């Protein structure tokens, strides 16, 4: 790999040795002047999927995220809340990083621009530019958008307003320091013309080329000293302009200025994943900064589209926003990740809407993948004593070729930055396996005593599930692990999986399967469509995160104040407060009560839900050979082992809900007071499934 050349000094920048280079992916760092929304989540999940895919390919991968704190918008947000900006930013950093962890995003570094390591990197780089004569003192006259925190040229204004935020701009006149951006125009232009992969997708590349061909002006890189920002090393009365500061995060997160060995292993970045609205900063100013400093340029800058909600632009003012934590609590982490990545062609604008979410969820996740796992586990338990059968040689029935085709399609999609085609690459294998079950009819094979044929069929669909789990692991972080668990694969096997595990035949025979609940339960389109709280109708979706200091989790818990444990987190419309003084206003009719199906059940298995102190996962015998899984918030009152054999009372016709990634099919009845929580149980044993009247 050749280094980048400084056009003014002719110096060739040093590059990392090829054998040391890790795949380095970054997401844009966010202004923490508001809670994280679904637009942020879209970008962060995309970067995470890229990093996970590279690890699956056997390559070391490193993922950088962070917060852009030296912003006047952030300072203003802190002051409006009466907080010190450092304390405010620390609180918001925890909120943002917790949100990304909640979505299964495995970042390696969360770099804040107030971090001392970043401050060192900024002062090192800007000091180098000053020493090389690439900055000079001057006076700036022009327009400034407070929301963008960016200078806007006269020709970019739209009716006198910012072209992005459509708000009035301010006239600014300041004496500060300038970067000789114009001196690097030809070098940046030549690089983009000769390296088509540098700016992607193609529409963004043409946009940047047009900007460069129109010519560049030098830019201001400092502001008169304020209370918030990184001082210039040679002029402490000035602080580094927020965008110049923010871009250097990609270097500071890689170790620039504080860890040379780490920097040599990571830089240059393989891909910056950013929004299309900041493409000019990343593809014009950023490469010029790197050239001026004698540093290699990143391989690719990918400008994705915007994520709209219900066809409209995200807006805190109107309430048209989606809290990704709240949404994933209600519908599941994997469902959220899958929909964000699979629904929208990467690079184009997307639309986060209930109709498309339900359609894709029910079709791809519930009907196809979830149904395949449920059918396969049930058949292996019934026809193979719960163990993966040993198939006769050469009985893959074309699945080996189909698996190879899926792996090839996945590689083409991800290597080509077509992230939306990544999950789709595995769907044909899933559809083939479901159709195969229908065609082969294992139940009929068992009835006819065709043991060898039956073993082949059961192995083939189980092995297809294993390959689906591996291939989908960059996208479905919880479901893939659950598929491996139910197949009986050893703990940690999926985390260690690499590209070779997509080859047919990797599932060892004789594994004891561990059948669990459904991966994905079908959603009711009408219920989801009316869920304005999750889908951003006015007044419904704005998070309480800023006012309270912790992300509000709606619908994610299972403990109820009124004594019902295992409550559904299915969306519910808020009802107006009752104003009637009639004592019968809150009464229900016998017909209403008759709709609630209360039944007895016997607990046959119980364990704790990982990462949840108050939750137990219970497997219940409902009678008639029917087993059901319920998640209940009773772990602080009942030991899992002590629950086995107990009889309980269940609300049996409650809409299923996903709680901490585990599907719950009902609710236990319990009563609670100051002495604790106690289950409501029959006073004498009854047959499981007996109705409660």
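Before moving on, here are some points about what is shown:
- Any strands (runs of 3 or more DSSP E) falling wholly within region 564-662 and containing at least 3 residues that are surrounded by 21 or more Cβ atoms within 10 Å (Cβ to Cβ), out of contact with any helix residue (DSSP H, G or I) (no Cβ under 9 Å at 6 or more places or on another chain) and modelled with pLDDT under 75: none
- Top-ranked residue of region 154-165 - restricted to ones that are exposed (fewer than 12 other Cβ atoms within 10 Å of the Cβ) and at pLDDT 70 or above, ranked as farthest from residue 293 (Cα to Cα): 159
- Filter pass, residue 491 being in a loop (DSSP other than H, G, I, E, B), within 27 Å of the chain's Cα centre (by Cα) and without any contact (Cβ under 8 Å) to a residue 40 or more places away in the chain: yes
- Evaluated against (1) surrounded by fewer than 20 Cβ atoms within 10 Å (Cβ to Cβ); (2) touching a strand residue (DSSP E or B) at 6+ places or on another chain (Cβ under 9 Å); (3) under 17 Å from residue 249 (Cβ atoms), residue 116 falls short on exactly one condition, (2).
- Each residue in region 495-535 was checked for being touching a strand residue (DSSP E or B) at 6+ places or on another chain (Cβ under 6 Å) and in a helix (DSSP H, G or I), and 0 pass.
- Filter result (crowded, with 24+ Cβ neighbours inside 10 Å and in a loop (DSSP other than H, G, I, E, B)) within region 322-355: 322, 323, 332
- Scope region 115-124; condition closer than 14 Å to residue 29 by Cα and either modelled with pLDDT under 95 or in contact with a helix residue (DSSP H, G or I) (Cβ under 6 Å, 6 or more places away or on another chain) (or both); matching residues: 118
The values are calculated or read from the model by the stated rules, or taken from the named source; none is laboratory data. Keep in mind that this is a model prediction, so the values were computed, not measured. Because the Cβ atoms are built from the backbone with ideal geometry, glycine has one as well, and the counts that use them run over all protein chains shown.
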